[in-house]
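Worksheet: one structure, shown below.
The values are calculated or read from the model by the stated rules, or taken from the named source; none is laboratory data. Because the structure is predicted, anything quoted here is derived from the model rather than measured. Glycine also receives a Cβ, built like all others from the backbone with ideal geometry; neighbour counts cover every protein chain displayed.
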């Protein structure tokens with residue numbers, strides 16, 4: 001009986017220490033293609049310890065900033081939000097567990113993509129005849 005009580009106490013303690021907590025995550029640029037007019041934004045989290053909370057508006061802002069840098073006017077999300085485990089570990093009591101999840105949202109840049117800004121850092125010298 002005492003063994004069962006100790007086991008129950010240990011399980012209760014383990015659950016209280018390992019329960020997931022809500023965590024605010026910020027979207028960051030995660031890739032994209034200027035030629036395809038697509039931008040990816042994403043974040044990572046540990047699904048065993050964290051319950052991610054995000055701002056859709058903040059994610060769109062990150063995507064729009066990248067699109068504007070490329071000369072497009074705005075960004076619109078498309079496709080599904082993709083989740084992929086980046087790192088697995090093995091727990092002898094629970095088996096394989098994901099300890100780093102990557103979440104990615106793809107955006108389509110809208111507009112013409114005309115970039116009239118001069119992107120060269122060094123000024124161009126005139127060619128002497």
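Residues are listed down the side, and each one gets a yes or a no for (1) surrounded by 14 or more Cβ atoms within 10 Å (Cβ to Cβ); (2) over 21 Å from residue 24 (Cα atoms); (3) touching a residue at least 60 places away in the same chain (Cβ under 8 Å):
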position	(1), (2), (3)
56	no, no, no
72	yes, yes, no
88	no, yes, no
92	no, yes, no
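Is at least one residue of segment 27-35 under 14 Å from the mean Cα position of the chain (by Cα), on the phi > 0 side of the Ramachandran plot and surrounded by 14 or more Cβ atoms within 10 Å (Cβ to Cβ)? Step through it out loud before you land on a result.
Quick first cut of segment 27-35, residues under 14 Å from the mean Cα position of the chain (by Cα) only: 27-32.
From what's left, on the phi > 0 side of the Ramachandran plot: 31-32.
If we keep only those that are surrounded by 14 or more Cβ atoms within 10 Å (Cβ to Cβ) as well, we get 32.
So far as segment 27-35 goes, yes, one or more of its residues are under 14 Å from the mean Cα position of the chain (by Cα), on the phi > 0 side of the Ramachandran plot and surrounded by 14 or more Cβ atoms within 10 Å (Cβ to Cβ).
Kindly indicate whether residue 20 is more than 15 Å from the chain's Cα centre (by Cα) and surrounded by fewer than 16 Cβ atoms within 10 Å (Cβ to Cβ). Yes, satisfied.
Keeping to segment 75-93, report how many residues are outside any strand (DSSP E or B) and within 22 Å of residue 52 (Cα to Cα). Let's see the steps before the verdict.
Applying the first criterion (outside any strand (DSSP E or B)) to segment 75-93 yields 92-93.
If we keep only those that are within 22 Å of residue 52 (Cα to Cα) as well, we get none.
Residues flagged as outside any strand (DSSP E or B) and within 22 Å of residue 52 (Cα to Cα) within segment 75-93 amount to 0.
Here residue 72 meets each of (1) at pLDDT 95 or above; (2) not in a loop (DSSP other than H, G, I, E, B) with one exception, condition (2).
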